[in-house]
Amino acid sequence: MAQVDVLEGLNSAQLEAVETIEGPLLIVAGPGSGKTRVITQRIAYLVRVCGVSPHSIAAVTFTNKASREMRNRLERLLGARASDLTCGTFHSFCAMVLRIEGENLGLSRNFVIYDDTDQIDLIKRAMDEENISPKQFEPRSVLAAISNAKSKLLGVDGFGLKKEKYFDEIVHRIYKKYEQFLSRNSSVDFDDLLFKTHTLFENFPSVIEKYQNRYSHVMVDEFQDTNIVQYAIGKKISDKHH
């Protein structure tokens with residue numbers, strides 16, 4: 001594929017983003033402005049023009065729909081070489097890491113990922129064991145508080161140190177029991193995929209070094225700037241090559 005094909009259809013701002021490959025790059029763009037086009041053609045530019053191995057590129061996005069669109073575009077641009085890329089959602093990337101490395105945290109490679117229904121059922125069970133009425137404290141609100149804590153990198157102990165009101169005390173009790181249930185069932189929730197991956201990278205230097213060495217280019221599409229754990233994972237992986 002010639003360079004003109006890789007850069008085809010880009011305006012001047014998009015072209016600048018695609019061709020800027022040294023050091024960190026932040027692209028700020030509104031809906032419909034071609035963000036996915038830029039990130040996929042930037043990947044193609046790195047591979048076809050700059051000679052970067054697809055194996056060394058990670059591209060993550062937030063939703064399954066966006067991930068599929070990105071993968072389809074990359075297959076059109078790179079053909080069979082697209083299969084060597086790491087391309088998917090943040091959660092699928094972290095699930096992959098945990099399947100490979102999670103035993104460092106005592107996590108079975110065959111762990112089960114609980115969906116929303118499973119999580120609510122587990123919250124209700126934890127509330128029942130703690131004698132907390134679901135009529136007084138709505139289970140979904142409790143789950144939202146736990147999810148928010150994990151997105152801010154607060155485990156059970158960390159959350160316990162941040163308690164400010166009675167509701168936090170209730171959430172802390174349920175959070176502790178909820179985590180015990182997940183552990184006994186060799187299960188994680190969706191927030192755990194990110195939270196535990198960060199814990200893994202934070203506490204096992206040889207693991208994060210492995211991924212830092214592999215990925216010379218890390219690209220995040222539709223970055224969720226309110227999600228601390230996403231930022232922390234992306235920063236850790238890209239710390240070596242910037």
Along the three principal axes, how long is region 191-235 when you take its alpha carbons, biggest first, rounded to the nearest angstrom? 28, 24, 13
Mean Cβ neighbour count within 10 Å, used as a protection proxy, ranking 112-122, 41-51 highest first: 41-51, 112-122
Using Stokes-Einstein with the Kirkwood hydrodynamic radius over Cα pairs, what translational diffusion coefficient do you get for region 32-168 at 37 °C and a viscosity of 0.692 mPa s, in µm²/s rounded to a whole number? 179
Which of Asp168, Asp225, Asp192 fluctuates most in a GNM of the chain (C-alpha springs under 10 Å)? That residue is Asp225
For region 104-169, alpha-carbon Rg relative to the globular expectation (2.2 N^0.38 Å, N residues): 1.23
Place the peptides 87-98, 136-147 in order of packing, highest mean first, counting for every residue the other Cβ atoms within 10 Å and averaging per peptide. 87-98, 136-147
Calculate I(q)/I(0) for region 13-80 by the Debye formula, one identical point scatterer on each C-alpha and no solvent, and give its log10 at q = 0.20, 0.21, 0.23 Å⁻¹ to two decimals. -0.87, -0.96, -1.16
What net charge do the residues around Ile100 carry, taking every other residue with its C-beta under 11 Å from that of Ile100, with Lys and Arg at +1 and Asp and Glu at -1? +1
Quick check: residue separation of Asn203 and Ala29 times 0.36 nm, minus the Cα distance between them. What number comes out in nm? 59.1 nm
Calculate the length of the line joining the C-alpha centroid of region 126-168 to that of region 196-242, in whole Å. 27
Taking square-rooted eigenvalues a ≥ b ≥ c of the alpha carbon gyration tensor, is the chain rounded, prolate or oblate, where a/c under 1.5 means rounded and, failing that, a/b exceeding b/c means prolate? prolate
Cβ-derived FRET efficiency at R0 22 Å, Gln180 paired with Ala144, nearest 0.05: 0.65
Could you work out the local net charge near Ala13, counting Lys and Arg as +1, Asp and Glu as -1, over the other residues with Cβ closer than 15 Å to its Cβ? +1
Cα-based Kirkwood hydrodynamic radius, region 69-116, one decimal, Å: 12.6
Kindly give the semi-axes, whole Å and largest first, of the ellipsoid equivalent to region 112-242, taking each as the square root of 5 times a Cα gyration tensor eigenvalue. 31, 15, 13
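Quick note: the coordinates plus some simple rules give every number you see, no bench work behind them. Nothing here was measured: the structure is a model prediction, and the numbers come from that model. Every residue, glycine as well, gets a Cβ built from its backbone with ideal geometry; the counts of neighbours run over all protein chains shown.
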